[in-house]
Every structure is written in structure tokens, then in C-alpha cells.
Amino acid sequence: MTDDHISDERTSTEPLLAVDGLRVHVRTERETIRAVDGVSFELCRGETVCLIGESGSGKSVTCESLTRLVPEPPFEIVGGCVEFEGRDLFAADTGRCRRVRGDRIAHVFQNPQSALDPVYTVGEQLIETIEIHEDVPKTNARDRAIGLLRQVGIPRPADRIDDYPHEFSGGMCQRVAIAIALTAEPDLVVADEPTTAVDVTVQARLIELLREVTDGGTSLLVVTHDLRVAAALADRLLVMYGGTIVERGPIEELFERPAHPYTQALFESYAGRSAGSDRTARGDVPADGCRFRSECPHAVEACSDGEQPPFYAVGDDSDRRASCVHYGPGNDPGAVLEAGATIAEAEGSDD
Amino acid sequence: MSAGDDPQRFEDVDWTELERSRRTVTPARAVFVAGLALFGALLALQAAAVVPNWGFDHLDWITALGALVVLSFGVVPALEHHALARRVLRELLSRPLRGAAAVFLGVFAIVAALGPVVLGSPDLAFEHRFHAPYGFTGADRWHAECLGDIVEGEGITRYCEGTLQYPLGTNERGHPMGHLLVEGASVTLTVLVFTAAFVVPLATAVGVLAGVRGGAVDDLLMSYVDVQLCVPAIVAFFIGYMYWNVSLALLLVTFGLLSWGGIARLVRSETLQRRDDGYVLIARSLGGSWTYVAKRHVVPNITNTLVPAAFHLLALLVLVEAGVAFLGFHHVELYSWGSTVQEGLDPEFAGIGLEMQPHEIWWVSTFPALALTLTIASLKLIGDGLRDALDPRL
Amino acid sequence: MTERFPKGDAEADRAGASDTNSPLLEVDGLETHFPITTRWLRREVGRIRAVDGVSFAIDRGEAFGLVGESGSGKTTAAHSILGLEEPTGGAVRFDGQLVDELTGWELQQFRRRAQLVVQNPDDAFNPRLPVGKSVAEPLALHGMDDEERRRAIVADLLERVGLEATDANRFPHEFSGGEKQRLSIARALVVNPDLIVADEPTSALDGRVKADVLSLLDELRREFDIAVLCISHDIDVVRRFCDRVGVMYLGELVERGETEAVLESPAHPYTRVLIGSIPSLDPSDRSLVRPLTETVPAPSDPPSGCRFHPRCQELIPPTASLEREDWRAIARFRFALQEGTVPEPIAVDSGTRVDPETVRDAFDLPTDLPNEGIEDAVEAATRAVADGDLERARERLAESLSTVCERTQPEAGDECEHLVRCHRYDSTIEAEPIPWRG
Ligand code: SF4
Ligand code: SF4
């Protein structure tokens, strides 16, 4: 499933980040959970990609594994490789990984209050980050810190730079976290649920701020569970379920006509209609065959064969791919696709 | 199903039929009240000289009351919730070290409670002083009468072998060490009962009250605790020592009542964290009183800090009692482990003019010291063990 | 408070509701203030006006949504209704009876008939109790002493909320967030209530689990004809679940009406900001509405007049002669200075001086305003800003840009069914409502 897509990706541009067959396990006393189970995707310069999925789908683990940020143990990266500008991040020594992580790839997390150290002022934290990345005298670093705070939209930055994180609201903390992420002028910002903990009006401003960041040419990988956030930010979408990516494609087409049955179920939950089945607690995701098959309304016998189905092109569009047998050669995806179109329509009228 | 033909679906419950339960008589309260009545009757009978006075002093009454509290609010509820109690016990015994500690404390408690009753006060037997434990020897020149075989050593030294009459040896007054250990255990048990029955509940109640009520109540209680934490209990004890009779009761009252501030603070801060939890809100919105909330929801959820802290306090007060006795500030008739250790370590003072080194009579100090150590270690182990056993997440 | 919310506000709301009988829950001018006190002696030095005059009514079986952002006071309002916080003013009536006058059996009945579902599934259950005990707690507290019967009822109920009867013996940490929320609903349901106050029932859940829990709550409410007060910051939840909705801002209810009407054509400028801030599900429409300024004032020191005025895009101009865009720019200039947000080029804080033109450009201020007084004030203020004297600029603008929104508190609108607390909907004030998305 991994080899067919690389050649198909937009080969015109050299990808900034290429993830191939990433597999991450969580080992607990009792069992080993396959948190990420063969994830492959690419991300180009200046592009915004959203990784969407529900809690437990492995989306955050995927992101944190890119730069080996996941705590090992209990997590363990058991396979796959991550290439940044053509260099293998996992093969390189950890020192280089750390440098890339700090300089070129920056992370923004869901809960900004915990990402900032409560015992230092935001200024101290910003200045520290600036001094790690460049050799500047203290006063210049401070000026630059104030500039960064203003850039991310903190009012009265010169006064507020000496405040402690608890004196900032959640949205403001997230802005500070973004400012810290931007100090090294990274090529890629990985934002994990950056707007989940804040109110909608604050979210709107953060979305605008993230758009400004990408307008400057920085790539953005956003992890979210919220289709609305994805719609507002993404160029391309990766839909994740049970540790694998089940559908990917350009945002507009995907929203117009979600192809994979799981994506459709996700859209349906926005329309307020539950999948209809009497699904109570999430059943365990099966270890072979299509991960979604126990909940899939379109499941057929072929779904339990072998591994997760490979990515098949959806329609004639070479960019759209769905990991579902109905899109395989010789099958007619008509019924499934049609279901997607109906859902998207219902959704649209609701908005 | 005992409910018979009562409807088993929530929408069929007839609410006007159900009276608000006012179960004021719980088994725990019943036992407590019955116990109090028994004490009262005994006192009255004694006063009326119907039964002879057994010479119960204040301390005995306090201990008896403490035991009653522990019985009715510790043992009875544990029997009521026997499933939980059994689970906790099983957890506790499943780890060898903690299991050993639990067994040790159990044996200790039985011996300490029953031992003095069975054995009575140790008799003076100066002629048998400083006998070595069975299987060891001590210098013979100290004895008026050596019960064991006499072994010839180098030169004129002769050694007296220990016998089974005094398996753990004797001290300078000829008290059997085993007997002294039991006496010391009973003193220690008194300290434990007093602390567990009065000091820990007081600390918990104050902490929970301050945390749950907040506001002025909190300010007042915590200011008091702050003041109390500044008064060294040992000073209070010495002042009391100057003016009143020295007694274990004085020690318990001064140390016990001045040392709970730390636990109260801990309990308060834990309570504050629980106060706004969802289940507390729900219980309050259902009309549960603060007392109900505290008992059902707050206290069970702060055991992670409360239990180890309480056991730490128990251990601490046992140690304090021994320490004060070691320093000599104790009642001469109380054979505390601390005073016994002191006698064994200071033979010049205790040995009535005999010349000897502490190591020559090692058993006098070693056995009580060992007992003390084991007790304190067991208390700590049980504290941690109970904490873990009470937490269903572990 | 009585002048601001004349008696009958809740009655008006009741008239708007579908049923003509007395509503199940009536909240009239509810006020909950928290004193800010000094550490010592607890002298009161201020008040946090968490809830400050909120009125609405809920009919039997109706779902009413209370939306607002964090700090708007919606949770405090819910807690005040249930008596978990002591209201400092106003009245709450349940089934026609004043709740704070209930005693004994009646209070007991109220506590049974009004149930709470709390927000965070992780602390909703006592971690030391098997969930069956927690779900049965309301039964026990309301007098059902028969433990077997409690167990049977809970077992039956667990199956009806989509769990298994044997789950009763498990502990809270063994359940997922969605399952815990189902348990929460079961616990609220077990005493057969007439009202469920659901505080952010799904905010900890996402995607399909959220949809499932919401539809469960919806089904149960219809089956047992339970009224629900649903507190949420999530417009999607309210849209899907509620018949009517109230929007809160800084402790006040600014708009109230049928869900459809409020969400599809919001009337109050704050509601418009709230709705317009939600990203559309259509990726080609990426516009997001902005308030005039960003900073949310503290509830301890709310702005005078209309509480939304420093952030209101539709602020009523002092004279009608101003173009809307011009006035907006001026107002933004004024309130941005007030909150201290100065755009990049000015950066007064680093001590550099700029010329007044830069200031005008940075704030997009119009030139040659028709109204002389305003032109002068703007001119003077730009110069003051250029000199780095923000204080003078603020004073100068406040002096001559006084608006009715700042001076007087808006009353409830004329329409009873759809309350909008905004001067633009007050016929005595010369300002027309601006059409939504107009
Ligand atoms: S492969 Fe089968 S089970 Fe999986 S999504 Fe497609 S139809 Fe459903
Ligand atoms: S009263 Fe004025 S400031 Fe308040 S919302 Fe209406 S127009 Fe805006």
C-alpha cells in the first residue's frame, strides 16, 4: 500500500516531508497497541495538510513520532522512515534529529498552558528559545521577542513580555506558543489540535494567525478532530482511522464527496445523524483486513481479507485516494460514492 | 430478587411512596452508644462501690474510649463493607513485605492488648538480674544466683549461661525481657489507639471542614493550625511536666493534640481539589449534605495522601513516646521500650554500682529497640500498602 | 436590576414558548455575583458579576440551549438554578414555585426532578466507587433503601443507555469518555427527572461518539418528555439538540429565541460574531467574522452601557452623518487604544516617535470626515498617539465619540419571542438594525 502512492504524489515539487510506512506501538503491561500502523504521506513546501481523525485514531502519535517526540517507552517506533528534505530523520543520529526538530520543524500543542513553563515569564521562555537558535545579544533578543509577540497578535507586547503564562488567557498562551514555534523560522509547523482548548472567537483568530504563518511560506501540518477547522485551513486532507490513513485528497473535492465509508460516517456525525447502527462503545479495531469493517455499512466479504486495502484512486482524480475495496479494480464504487455525495449535501444545507 | 413485585424500571418508581431515608441508627453508631453506656454503667457501679475499683486511671479510660472509637468507626464499618475489606486485605497480604508487616502488627496488637492482663506486672527479682538470653552468656559476677550453667572463662572470669526461664534474659531488676517487651508493646498500643481514635479523626475533620466550607471557617481553622504548628509540643510537654504529674496521658495530650496540624493542612488542600469535582457537584445537587459529601466522596478520595500521612503520624508518635521515655521523662511504672533501651545503654546509671559496658548486657537495649524498629517499619509499610489497596486504579 | 429587567421579562419569554401553561422552569432576572475579598478579614473589594440578570423559561419537554464563551457565566447560571451557588438576586421558579422558598419534602422533590449532567466525564464519577453505586446514588439519596431494587433498576437502565448490566461493577477508569457520558446520563435519568441540566454534555468528546451521545440524550428526552437545559459553547450541539437558545455574554443574556432563528439569522451583534467565527464546512468559504476588538473585558469590571460595546462592529455612531466604514474605523481606533493594541508600524512602546500620518494609515482612519467635532477629535488623538501619549488620545476620543451604546444599558427588544438586548432593536433609539450578512 505504500509503494504505489509515492510515484503518484505531486512529483513536480520535491516534498518537504515524506513519511513512509510509519509504525508506532504502545507497550503496556498487558498488551501492545498498534497506535500507528503504517502511515505514509507527503507534505510539500508551503502546503497545509490536515490530519483528521477521532481521539484514539493515532493522529497525535503520528505527529509526535515525526521528530521522535513521543516518549519511548511506552511508545516505540517500530518501523517506517521519515524524510525531511530528503534526509532520513530516523537514520540520522539523535543529535541531528533534535536539531531539525528545533530549527526546521516546530511543534504547537493542544494545551498551551502546559506547553509553557509556569515558573518563567513568557519573555524568558521566548528569549531562551531565540538564544538557542541564534547568537544575539540579550537586548536584541528581547526586542526580537517583543516583535514576535506583536506578530502573533499579543496586545501591549512590551508590557506583557514580563508576565507569567498563568496571566494569559488560553488563546493568548497559544499565541505565545506559536511565537516560540516561529522563533527559528521553521520550514514546517506541526500543530496538534491547536484550537481545541479555546473558544470559537479565539479559534477564529488563531486560524487567521496560522493562515498568516503559511502565507509566509511555512508548511503546516495540523492535527484536528474538527472538520470545520480542517475546512478553514487545509489544502489537503488525510483522514485517519484505527492507526492508518483511510482517505486522502484535496480539501474541496473531499468535502464535496467524501469517498471512504469512514469519512462519510465522520461527515454524517456533523449532520447530526448517527450512523444509524446501534453502536455503543467503540469496538476494538480489527488487526487485519479493513480496520473499519466492524462499523462499515458497506462492508463486503473481501473487506476482511489480508491487510488494510491499498489506496485506490477515487474517480479519475489522481490526487484522491481511498483505502476501501469498493474503489479497487473491477469494482463499482458508485453506490458508496453516491452515499458520500448525499451526506455532503445534507451537511451543506445545515451550514 | 428480594424486591419482590416492586417495579424495576426507573420510570415506574413511585416517588411519593418513598420516604426520605433517615437512617440515623447505623451499626457503627449503635456499637458506639452501647459501648458508652457500658462505660457509664461501670463507672456508676464503681462509684456506688457495687463492684470493686480496679484502679482504672485516666489513661485507662482514655484508652478504653479510644478502643471503642476504633472498634465502632473502624472495625464495624469494615465488617459492614466486608467485600471491600476483604479486597483490601487480600491486596495487602499479596505482597510479602506488606503482608509480613500486617501479620506483625496483628500479633503485636493482640499481645499488647492481652499480654499485660495475662502476665500482670513484672515482679522484682534482683537476684536474677542481668541474665543473658537463652543460648548466650553474661558475666556471672552480677548475679546473686545464676540459674544456668556457669562457664569458666579466661582467668577469673566466669560466665553465666542463659536459661529457658528467661528466654530473652533479664534487666537490672530481674524483670524478664519478654515481659518488658509486652509491657512496652502495651504502652505503644495505647499511643496508637489514642492517635488513631482522636488525633487522626480530628485532623481529618478540621481539614475537610476547612476545605469544604472555605471562607471564614477556612481562615479561622487554618490560622489556628498555623499557630499550633508554631508551638513545639516538646515545650508544652515540659511545661506540663513541671506542674503536673508526669504521665503518659500528659504526653499523649500534648503531642497528640499539637501534632495534627500538618495532616489537617494536607487534608484541606486535597479537599479543595475534590470540592469542585463532578461527583461532588452531583451529590450536592441531589441534596446530599456536606457531611454526606465529605464522608462518601471526599474522604475516600483523599486516602492516597491521608492514609500514609496518618500512619506516618502514628509511627512518629510511637517514636516520640519512646524518645521521651528514653530521656527519662516517663512514669517509672511504665515499662516503655524507650526507657528499657535507655537502661540497657546506661548501665552505670541503672546497674546499681556494677561496672559494665552496654555491649555486655546488649539484650536489655537490643530487644526493645528491635521491637520499636519493627513496629515503626510495619506502620510505614502498612500505610503505603493500605493506600495502594484502597485505590481501585492500581 | 428590577428597573433594567422589568417584571414580565420571563413572562414574555413564556408567551413565546409553545405551551401556554406555566413553564417548568422560569428564571427571572437571575443574578449571581461573587465577592472579591481581601485575604484578611474578607473585606469585599469588588464583585465578579458572573451572572447578571438572566431571564428565560423552559417548558416541559423542551430543550433550551445556553451558549456563550468561557467566562460568559453560563455554567454559573446553571449552578445557580440548581442551588449549587447562592444567587444574589432574581428568582428561579420550578413548576411555578420559587426554588429558594422550597423546604422539606418539596425541596426534596425539586432535587429529584432537576438533575445535573456535568461537563468533564473524567471527574463525573467517584473513582473509588463502582459505577453502579454512583448511578444508584440518586436513588439512595432519595430514599430507596432497598439495595437489591436499586441494583435492578440500574442494571435495566444501563442496558437502555447502551451499556451492559455487568458494567455496574466496574470502576470509572475502565470506561471511555463516551461511555462515561452515557453513565452520566443514566445517573441523571435514574430518578425520573423532569429537567436535566446538561453542562457541556459533549465537550470532551469528538466525532461520532459525540453525535451518538447527543442522539442518546435526545431520544431519552423525547421518550420521557424531559426538559433539558443544555449549556454549551458548541453551536453545532445547540443546533442539533435545542428547540430554543439563549446567548450569553459577560453574564447577560443578549439574545434569545427559536434555535433556527437565532442561529440562521442572528440579530445581536455578539451572536453574529459568535456564529460568524465558526468555520464553515464549505472549504471554499473561509471568511471569519471579527469583533471590533479582541479583548474580552473582565466580568469584575464590565463596560458601561451595553457590555459588548467596545467590541461591537455595529456600535451606534454619535451622529447619523458618518459612513458606516468610517465610523467603524474610528471606533476601532478608540477601543484598540483603550485595550492597548497598537499595530506594528506605531509600536509606541519601543519609544520611537512617528508622524500622525503613519498613525492614520495604521488604523485605516478616514480623512476629511464630514463631522467637524469628530474630525477634530480624531486629528488630536492621532497626534497624541504619534507623540506616544496614549492616555491623552484615549481621553480625547472618549470625550467626543460618546455613543448611546456606551451610555445606557439596552433593554429587552420589542419582540417577545425573539429577545435581542441591543439598542438597534429598540424603537425609541434612532438606529436601524443592520441585516445579517448584509
Ligand atoms: S474496505 Fe470494506 S469495510 Fe473497509 S471501508 Fe471499504 S467497504 Fe467498508
Ligand atoms: S447596543 Fe450598541 S454596542 Fe451593544 S450590541 Fe447593540 S449596537 Fe452593539
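Structure summary
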read-out	value
Antiparallel bridge percentage (DSSP; both residues within chain C; nearest 5)	60
Quarter of Cα convex hull surface for the stretch C:7-264, i.e. mean projection, nm²	15.1
For the stretch A:118-159, residues shielded by at least 40 square angstrom of accessible area compared with the chain on its own, probe 1.4 Å	A:Arg150, A:Pro155, A:Arg156
Largest-first principal axis extents of the Cα set of the stretch C:170-226 (Å)	30, 25, 17
Residues of the protein assembly as shown: accessible area per residue with a 1.4 Å probe, Å²	43
Surface share of carbon and sulfur [accessible, 1.4 angstrom probe, percent] for the protein assembly as shown	54
Charge dipole (debye, nearest 20) of the protein assembly as shown; +1 at Cβ of Lys and Arg, -1 at Cβ of Asp and Glu	3420
Gyration tensor (alpha-carbon) shape descriptor, the stretch A:50-135, a/c threshold 1.5	oblate
Chain pair B, C: total accessible area buried, heavy atoms, 1.4 Å probe, Å²	4300
Interchain or long-range residues, amide H under 5 Å from C:Val197's placed H	C:Gln115, C:Leu116, C:Val117, C:Leu229
Alpha-carbon centroids, the stretch A:194-228 and the stretch A:324-346: separation in whole Å	30
Buried solvent-accessible surface, both chains (C, A), 1.4 Å probe, Å² to nearest 100	3900
Rounded to 5, percent antiparallel among DSSP beta bridges of the protein assembly as shown	65
In sequence order, calculated HN-Hα J values of the stretch A:73-79 (Karplus, 6.51, -1.76, 1.60; Hz; x Gly/Pro)	x, x, 7, 8, 7, 9, x
Residues whose placed amide H lies under 5 Å from that of A:Leu69, excluding near-sequence neighbours	none
Over chain C, relative contact order from alpha-carbon pairs under 8 Å, at least 6 apart, %	16
The stretch A:49-134: GluC sites (Glu not before Pro) in DSSP coil with no more than 15 other Cβ atoms inside 10 Å	A:Glu85, A:Glu134
Cα radius of gyration and Dmax for the protein assembly as shown (Å)	37.3, 127
Estimated [θ] at 222 nm from DSSP helical runs (n ≥ 4, -39500 (n - 2.57)) normalised by residues in the protein assembly as shown, nearest 500	-13500 deg cm²/dmol
Cut-off under 5 Å, modelled amide H: who pairs with C:Gly53 long-range	C:Leu30, C:Glu31, C:Thr32
The stretch C:317-402 pair-distance distribution - Cα-Cα, 10 Å bins, rounded %	19, 58, 21, 2
Dipole of chain A, positive end: most advanced residue of A:Ala299, A:Ala141, A:Gly289 [Cβ charges, Cα centre]	A:Ala141
Too-long pairs where the Cα-Cα distance tops 18 Å, listed order kept, from C:Lys74/C:Lys180; C:Lys133/C:Lys180; B:Lys295/B:Lys380	C:Lys74/C:Lys180; B:Lys295/B:Lys380
Fraction of antiparallel bridges per DSSP, chain A only, in percent to nearest 5	60
Of B:Ala37, B:Leu250, B:Ala101, farthest towards positive along the dipole that unit charges on Lys, Arg, Asp, Glu beta carbons give chain B	B:Ala37
Cα-derived Rg over Rh, computed across chain B with Rh taken as Kirkwood radius	1.07
Positive dipole terminus of the protein assembly as shown, leading residue within A:Val36, B:Val332, A:Thr62 (C-beta point charges)	B:Val332
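The values are calculated or read from the model by the stated rules, or taken from the named source; none is laboratory data. The structure presented is a predicted model; accordingly, all values stated were derived computationally and were not measured. Every residue, glycine as well, gets a Cβ built from its backbone with ideal geometry; the counts of neighbours run over all protein chains shown. For the accessible areas, the whole protein counts, side chains as well, though only heavy atoms, and no ligand, DNA or RNA atoms are used. Shrake-Rupley method; radii C 1.70, N 1.55, O 1.52, S 1.80 Å.
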